[in-house]
Amino acid sequence: MQKKNVHVNQPDWVSAAIIYQIFPDRFRRSGQVALHQSLSFLPWESEPLQKGFQGGDLYGIIENLDYLQGFGINCIYLTPIFSSAANHRYHSYDYFQVDPILGGNLALEALIEALHAREMRIVLDGVFNHCGRGFWAFHHLLENGEMSPYKDWFSIHNWPLIPYPSKGEDCGYSCWWNDPALPKFNHSNPAVCNYLLDVASFWIDKGIDGWRLDVPDEVDIDFWIKFRERIKSVNPQIWIVGEIWGDARTWLNDNIFDGVMNYRLGWSTLSWAAKNFLNRSYQNPLYPIDILDTKSLISIWETTLSWYTSEVNCSLMNLLDSHDLPRALNTLKGDISALKISLLILFLHQGAPCIYYGTETGLDGYNDPMCREPFPWEKEWNVDLRAYINSLSAFRLQFLDFVRTGLKWSSFGEDGLQGISSKKDEKSSEHKETILIWINRSRKSWLEIPTSLSKPCFLLGKFDLSSKKLAPQSAVIFSDSFC
């Protein structure tokens, strides 16, 4: 096992964050962007497509901050917002300009101000591995070929460049996953690194609270070392969270990122909560949806947590789904009870829970692009989970010290999961407070709970106080001090 180093400049706010991930084009169209009057958008309720825009903008987010705070959200994470010719905006052509369709730089400044006025935070998506074909330096190459002074900004292996190659034709340059729409930066060029570091610092100066880093495992680690040094010098409380789907010790134990997106918690939780009622059509070795028994689930969690320090575990972004995955409710075959169990587990772990937009309404799209549906503002919702998510948020913040310490999990019968966390008196080191958690995933069987405590702190589903039995697909939490 790799040696775990002492972590410095870890943001102290992350474990108290309740994050809401927004795909900006699909969240809300405000009507406040003057440019929209001359543009053509897809109808808002139309099916999500790879191409085309539905016209969501940043003012639409500002207008709905009351809505988000109403169920406990105190931080938003936006997928890319910089100028781009793609609705997902991972094809950026200007990193210093917020896409005009989103409202431009003024809209982001207004959003940051509105969030901070509410003591909410914002994390942006940093796509520093590649850009779009329209990126100004790459455009220079296309116009000037080998005579361009920017030719060393990219990895070129064949001239002339063919940005729109025919099937089987070589585009002539390195690109992300062989997609010619995404030229890969040459990070061995100091000018490229300086440009990207300037971008990161610029938006921190504007007030953002964190960077989520896209495909960072495809970028030289030396760049990330410089990245951390640069942005932490601007603001030590900036959160650096990488999109690493598996073992991230290389980036975390050497104090390069603060945390990563904890996909392992997501796929294992859904796989357990669904039991046999699981949609396994999505195939991804880094997100292996498959039936799990309780002991296997706990083993996955313990292995993941053992890789990192406690400080790092408290800086993970925990999620069930995202714009890159089938929605959790799709994986759970529409089972709302299993989704509630999964959300409860999400909120009980160290790190910050992240809810993908529309989860509270029961959106259930399959993989990209179907998981990027427009928010159903004018449509009847499948379910309304806002009150439930708000109760999870309130419980988590009330018992945050226990969550930060971490729970010890154990199996309890075939379908039961037990969690326990204790605090000790600092002076005597004796037991001071404890929380006890039981979760029953069974759809048929009641689970008898061995506890003398009679008043739950939190209840999902049904619990018979007289017999101390927990109903199917239910959960109960006790505390010997607070309840």
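Within the stretch 259-280, restricting attention to residues that are assigned to a loop (DSSP other than H, G, I, E, B) and without any contact (Cβ under 8 Å) to a residue 40 or more places away in the chain, which residue is nearest to PHE412 (Cα to Cα)? First the steps, then the outcome.
The initial filter retains those residues of the stretch 259-280 that are assigned to a loop (DSSP other than H, G, I, E, B), namely 275-280.
Within this subset, residues satisfying the condition of being without any contact (Cβ under 8 Å) to a residue 40 or more places away in the chain are 276, 280.
On the way: ASN276: 18, ARG280: 26 Å.
Across the stretch 259-280, the extreme among qualifying residues is ASN276.
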Review point. Do we have any residue at all in the stretch 56-70 that's crowded, with 20+ Cβ neighbours inside 10 Å, in a helix (DSSP H, G or I), assigned by TED's automatic domain parsing to the domain that holds LEU343 and touching a Gly at 6+ places or on another chain (Cβ under 6 Å)?
Key: yes
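For (1) surrounded by 21 or more Cβ atoms within 10 Å (Cβ to Cβ); (2) among the polar types (S, T, N, Q); (3) touching a strand residue (DSSP E or B) at 6+ places or on another chain (Cβ under 8 Å), each residue gets a yes or a no:
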residue	(1), (2), (3)
ILE18	yes, no, yes
GLN21	yes, yes, yes
ASP25	yes, no, no
HIS36	no, no, no
LEU49	no, no, no
ASN74	no, yes, yes
GLN97	no, yes, yes
LEU115	yes, no, yes
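When the residues of the stretch 324-366 are filtered to those that are basic (Lys, Arg) and in contact with a strand residue (DSSP E or B) (Cβ under 9 Å, 6 or more places away or on another chain), which remaining residue is nearest to GLY259 (Cα to Cα)?
Taking the stretch 324-366 first, the residues basic (Lys, Arg) are 327, 333, 340.
With in contact with a strand residue (DSSP E or B) (Cβ under 9 Å, 6 or more places away or on another chain) added as a condition, the list becomes 327, 340.
Numbers: ARG327: 23, LYS340: 25 Å.
Across the stretch 324-366, the extreme among qualifying residues is ARG327.
At least 3 residues that are at pLDDT 95 or above and surrounded by 23 or more Cβ atoms within 10 Å (Cβ to Cβ) in each: list the helices (runs of 4 or more DSSP H) lying fully within the stretch 291-395 that qualify. Walk me through how you get there before you give the answer.
Values: elements: 294-307, 310-313, 328-331, 336-348.
Filter on the stretch 291-395 gives 328-331, 336-348.
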Exercise for review: Please tell me if ASN235 is without any contact (Cβ under 8 Å) to a residue 12 or more places away in the chain and either out of contact with any strand residue (DSSP E or B) (no Cβ under 7 Å at 6 or more places or on another chain) or closer than 15 Å to HIS130 by Cα (or both).
Suggested key: no
Review point. Can you spot a residue in the stretch 346-357 that is farther than 23 Å from ASP214 by Cβ and small (Gly, Ala, Ser)?
Key: no
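Consider ASP254 carefully, then state whether it is part of a loop (DSSP other than H, G, I, E, B) and either in contact with a helix residue (DSSP H, G or I) (Cβ under 7 Å, 6 or more places away or on another chain) or under 22 Å from SER188 (Cα atoms) (or both). Full working, then the answer.
On the way: part of a loop (DSSP other than H, G, I, E, B): yes; either in contact with a helix residue (DSSP H, G or I) (Cβ under 7 Å, 6 or more places away or on another chain) or under 22 Å from SER188 (Cα atoms) (or both): yes.
Spelling it out, ASP254 is indeed part of a loop (DSSP other than H, G, I, E, B) and either in contact with a helix residue (DSSP H, G or I) (Cβ under 7 Å, 6 or more places away or on another chain) or under 22 Å from SER188 (Cα atoms) (or both).
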Check your understanding: Between residues in the stretch 392-410 that are without any contact (Cβ under 8 Å) to a residue 24 or more places away in the chain and within 16 Å of ILE298 (Cα to Cα) and residues that are polar (S, T, N, Q) and assigned to a strand (DSSP E or B), which pairs lie under 8 Å by C-beta distance while being six or more apart or on different chains?
Key -> LYS408/SER421
Exercise for review: Output the qualifying pairs, or none if there are none: Cβ atoms under 7 angstrom, residues six or more apart or on different chains, first residue in the stretch 128-141 and of a type in the set (A, V, I, L, M), second residue modelled with pLDDT of 95 or more.
Suggested key: ALA137/TYR150; ALA137/TRP153; LEU141/SER148; LEU141/TYR150; LEU141/LYS151; LEU141/PHE154; LEU141/LEU161
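The values are calculated or read from the model by the stated rules, or taken from the named source; none is laboratory data. Quick caveat, the model's predicted, so the values are computed rather than measured. Methodologically, a virtual Cβ is constructed for each residue, glycine included, from the backbone with ideal geometry; neighbour enumeration extends over all protein chains shown.
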